[in-house]
Amino acid sequence: METYAFPVSGRVCARILTIAMAAAFGAGLGGAQAQGLQTVGKGEGQVDIVAWPGYIERGETDKSYDWVTEFEKKTGCKVNVKTAGTSDEMVALMNEGGFDLVTASGDASLRLIAGKRVQEVNVNLIPSYSKVDPRLQNAPWHTVEGKHYGVPYQWGYNVLAYNTKVFKKPPTSWSVVFEEQKLPDGKSNKGRVQAFDGPIYIADAALYLKSAKPALGIKDPYQLNEDQYKAALDLLRKQRKLVSRYWHDAMIQVDDFKNEGVVASSSWGFQVNLLQSEKRPIGSIVPKEGATGWADTTMLHVNAKNPNCAYMWMEHSINAKTQGDLAAWFGSVPSVPAACKGNALLGDKGCETNGYNEFDRISFWKTPTAKCADHPEKGCVPYYRWVSDYIAVLGGR
Amino acid sequence: MTSAAAALPLDRSPLQRLSSALYLRPALLTFLLLTPPLLWLGVIYLGSLFTLLAHSFFALDEFSGVMVREFSLATWKEFFGNPANWDVVIRSALMAIAVTLAAALIAFPIAYYMVRYAGLRMKAVLYLGVMLPLWSSYLVRVYAWKLILAKEGIVSWFANTLHLGWLLDLVLDIPEIGGPSLSTSYLGTFIVFTYIWLPFMILPVVAALERVPGSVIEASGDLGAKPGQTFRKVILPLAFPGVVAGSIFTFSLTLGDYIIPSIIGKSVPFLGETVYRLQGTAGNVPMAAAFTVVPIVIMGIYLTLAKRLGAFDAL
């Protein structure tokens, strides 16, 4: 439902095809020996990637945003992209197999590692890895027991989008979407705020409670014991009375800001940029409580058939130019600080605008699991319960 | 007799022998012809369906959230024990009933006009008009309705221009089915469902009405029945199986749809959405399977009733 098709160009130049075939024969058993690559050999002629829509652009939507064509020319690896609209779709596709790489978010990456669908990445074969933002190099959503399972791609976060006509001064707290109150224009927020239509939003409620109700002792919004979880659900039940529609489709939310009188909501930079480009009175902020966010990692399938091309892509994916162009296109933050300087599309202020300095205030998506560090004895509420309880909350229970 | 048998050539080709062997054994021929489609239906279609349903007798491990492949009634216990699940079932069923009734009420006059009054050319235009929406993308039509019903959309603009904004507000103030705007209320979901599934009601009703012989209607008039009586006692009973046949479509399609309620309405989960989320997002296949059983049971009851009303004579 949320999948957009970004079809891969059918233009296959004959020369590349010849090289591809030669490489395929030459590589022989290359695919079978994928585990623990020690050197990057000759390319297999192609690489198959599962990615978020808009993540791998070859200039088909806008000519200036193209970080594929040059890679294909240089390496002879044709890039095949399969887009996926949700983390769960990505996990499902990787379980099916037949792909080399996936741009997994934090709520999918640990599942893929635990399910043994991805293999350890030898970062010594990726020369640019040392240039990756040190804050990301060993991030817990892709590094388990000191082993790297991927290369950081991009990150971003959920902002509080608000109508600048209603809020002359930016709101400072998520309370405008969680608690019934009068907004600065004198009218109630009832029916004029939105929330995200996915169980991971329970973490947003927990993040708000972390500072609004310190007595609950929430440390990590993805690690909640029964009491903390119950408090978050209670808050969301109150919120249900304020929210007339929950959003999950970015374009629908854009429309709701325009036509449904929505004045505040959790949102992405994408919607805010789009609305601002249409000269709508919309601003965005990370409130004092911080925000939830996502950090994506390019991960290598355990049975990748084209490991050499995959390693070449991973190297290419963290090249400063790719990273800068992608950040400008997607409204996200590069995982390589060098990308922030001298990129024509991103501009010198681009990283700052997209939130480079907010890193410490972001709680990055993780899949909630029963076994957790914050509550070692009684455990945490696992994700499948988040799902069924969020359905109940939306249904008014 | 013996001469006829002798006339058969003795050295026939294998194909001819096969042909006559099959001709002499019609049961074998039927068996051979039916086996492939029955295998398809039985293994691929019903087989996978029953495999899915069987999953409802597995359960998720409380601690790890991984499915345990052992017989257990835990999923069903949770299904019946959680009132939120009942909400979803009742909400979906009520919506399906409301949409079916509305579709029948709208479809009958249209179908009646098409069959009884429209000339040949008009009939073709009307058929085209009914079918045309089915050829355009379902998603585009639903998104278009979102704009039409929005708070600042064309419906409220129209109402305000005619100084009827108070009427719209009155409608939206109805508790439960109202809301801040048409596109964020049950009412909006209902309108769009009715619009989308209406052709599936009109077509069977047209088919049923066409089978009502004109002579019967004339005879009714000749015997002194008023038009109203003819309609109630002759036309309606004869065309009713068509309405029931159409209602099978509108009812089951509304019951299972998960796209309309996710775009239009107040984000309350319906059956299809719930299954989608449990299966896709949570990996809770047992619970999703349990939810899948619900529409099957509801439709089973519905079809039994429909059969009694003679719906399948008008398909």
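We did not get these values from a lab; they are worked out from the coordinates using the rules stated. What you see is a predicted model, and the numbers here were worked out from it, not measured in a lab. All Cβ positions, even for glycine, are placed from backbone atoms using ideal geometry, and neighbour counts span all protein chains on display.
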Response to the item:
Short to long, in 20 Å steps from zero, the percent of alpha-carbon pairs of the protein assembly as shown per bin is 14, 40, 32, 11, 2, 0
Worksheet entry | Å³ per residue enclosed by the Cα convex hull of the stretch A:256-353 | 151
Worksheet item: Long-range amide H contacts for A:Val144: which residues qualify at under 5 Å (H placed 1.01 Å from N, peptide plane, sequence gap of 5 or more or a different chain)?
Response: A:Tyr149
Fill in: Point-to-point label distance, B:Leu38-B:Leu101, nm (Cα→Cβ direction, 7 Å offset)
4.4
Worksheet item: How far is the Cα center of the stretch A:127-176 from the Cα center of the stretch B:81-125, in Å?
Response: 48
Discussion item. Once you order the gyration tensor axes a ≥ b ≥ c over the Cα atoms, which shape class does the stretch B:125-166 get: rounded for a/c under 1.5, otherwise prolate or oblate by comparing a/b with b/c?
Written reply: oblate
Worksheet item: To the nearest 10 degrees, how steep is helix A:87-96 against the longest Cα principal axis of chain A, on a 0 to 90 scale?
Response: 30
Practice prompt. Output the DSSP H helices from chain B with an along-axis C-alpha extent of no less than 18 Å and a mean Kyte-Doolittle hydropathy no less than 0.5.
Written response: B:26-39, B:83-116, B:120-135, B:186-210, B:236-256, B:285-308
Worksheet item: On a 0 to 90 degree scale, rounded to 10, what angle separates helix A:383-394 from the longest Cα axis of chain A?
Response: 40
Response to the item:
Here the net charge surrounding A:Phe178, from other residues whose Cβ is less than 13 Å away from its Cβ (Lys, Arg +1; Asp, Glu -1), is +2
Worksheet item: Debye sum, Cα scatterers, the stretch A:317-397, no solvent: what log₁₀ I/I(0) at q = 0.12, 0.21 1/Å?
Response: -0.59, -0.84
Worksheet item: In nanometres, what is the gap between the two model label sites at B:Trp166 and B:Val216, each 7 Å from Cα along Cα-to-Cβ?
Response: 5.0
Discussion item. So for the stretch A:193-320, considering every pair of alpha-carbon atoms, how many percent are separated by more than 21 Å?
Written reply: 56
Worksheet, complete the sentence: Helix A:226-240 sits off the longest principal axis of the Cα atoms of chain A, rounded to the nearest 10 on a 0 to 90 degree scale, by 70
Item to complete: Could you tell me what % of all Cα pairs in the stretch A:137-250 have separations over 22 Å?
Response: 46
Fill in: Derived scalar couplings ³J(HN,Hα) [the stretch A:174-186; Karplus, 6.51 cos²θ - 1.76 cosθ + 1.60; whole Hz; x for Gly, Pro]
5, 4, 4, 9, 9, 10, 5, 6, 7, 7, x, 8, x
Practice prompt. Determine ³J(HN,Hα), in whole Hz, for all residues of the stretch A:50-63 in sequence, where each value follows from phi through the Karplus function 6.51 cos²θ - 1.76 cosθ + 1.60 and θ = phi - 60°; x replaces Gly and Pro.
Written response: 8, 9, 5, x, x, 8, 10, 10, 10, x, 7, 7, 9, 4
Worksheet item: Could you state the principal axis extents of the C-alpha atoms in chain B, from the largest down, to the nearest angstrom?
Response: 96, 75, 36
Item to complete: Putting +1 on Lys and Arg Cβ atoms and -1 on Asp and Glu Cβ atoms, find which of A:Leu112, A:His142, A:Gly191 reaches farthest to the positive end of the dipole of the stretch A:101-258.
Response: A:Gly191
Item to complete: Amide H neighbours of A:Val243 under 5 Å, at least 5 residues apart or on other chains, H built in the peptide plane: list them.
Response: A:Gly191
Item to complete: Return the subset of A:Lys213/A:Lys371; A:Lys116/A:Lys238; A:Lys371/B:Lys77; A:Lys63/B:Lys146; A:Lys168/A:Lys241 for which the Cα-Cα distance in this structure is over 28 Å, preserving the input order.
Response: A:Lys116/A:Lys238; A:Lys63/B:Lys146
Item to complete: Starting at the first residue of the stretch A:195-210, write each ³J(HN,Hα) from the Karplus equation 6.51 cos²θ - 1.76 cosθ + 1.60 with θ = phi - 60°, in whole Hz, x for Gly and Pro.
Response: 9, 6, 8, x, x, 4, 5, 4, 5, 5, 5, 5, 5, 5, 5, 3
Worksheet item: When every alpha-carbon pair in the stretch B:146-205 is counted, what percent end up more than 12 Å apart?
Response: 68
